[in-house]
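Report on the structure given below.
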Amino acid sequence: MRRSTAAGTARDRHWRGSARLAASCALLFGTLAFLVDWDAGTLTGPRALLWAALATAVGVVLLPQRVSAGPGWLAVRTPWRRRVVRTDALTAVRQYDGVSSHLVLRDVHGHRLELDPRILAANPLLWHELDTGVRRSLERGTLRQGADVLDRLGHRIDGEATEGVLRASGLS
């Protein structure tokens, strides 16, 4: 049975596929570990439970963040917790580059969340909700650090979207 979503809520449209891939990798790991142990003749009940636990751990580690947004808020959900920030009351935005680039958003209520900026680039509705909230934060004067970070990210996302449209139309 499918749960209904609240009107006006944007979600990561690629999450299901990424979660399916994580589950498939975990299942493949568990199956291969089980079969190798069985073929070696060393498989016992406790070892089978160990392989199942390790496969579950692989699945949890590979499970992507679930990002959703609505008017004035952005949420990131992991298997352990859910973090929400008010995008219309942001105080700081930072982007950390390196092996794993991520954005860190803080609001006036002290809430903080981290997310991969590629999720925003791949989901225009999520980006729109964040951008709208950031504009409200700027109007209210709460956003004191990081407006330039979001401006650069917005230009990059718009550039990628433009390139995609041109490629699709055969004009590139």
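The values are calculated or read from the model by the stated rules, or taken from the named source; none is laboratory data. Here the structure is a predicted model, which means the values were calculated and not measured. Cβ coordinates were reconstructed from backbone atoms using ideal geometry, including for glycine residues, and neighbour counts include every protein chain displayed. Note: areas computed on protein heavy atoms with side chains; ligands, DNA, RNA excluded. Shrake-Rupley method; radii C 1.70, N 1.55, O 1.52, S 1.80 Å.
Numbers for the structure displayed
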| quantity | calculated |
| --- | --- |
| Reciprocal of mean inverse Cα separation for the chain (Kirkwood radius, Å) | 18.5 Å |
| Rounded tilt (10° steps) of 124-140 against the dominant C-alpha axis of the chain | 40 degrees |
| Length-normalised contact order for segment 63-140 - Cα pairs under 8 Å, 6+ apart - percent | 31 percent |
| Mean separation of Cα contacts under 8 Å (6+ apart) over length of the chain, as relative contact order % | 20 percent |
| Rg to Rh, two decimals, where segment 100-171 supplies the alpha carbon set and Rh follows Kirkwood | 1.03 |
| Per residue solvent-accessible surface (Å²) - segment 2-122, probe of 1.4 Å | 63 Å² |
| Computed [θ] at 222 nm, helices only, for the chain once each DSSP H run of length n ≥ 4 contributes -39500 (n - 2.57) | -17500 deg cm²/dmol |
| Rel. contact order, % - alpha carbon contacts under 8 angstrom, at least six apart, segment 8-76 | 52 percent |
| Only Lys, Arg (+1) and Asp, Glu (-1) charged, at Cβ; the chain dipole about Cα centre in debye | 600 debye |
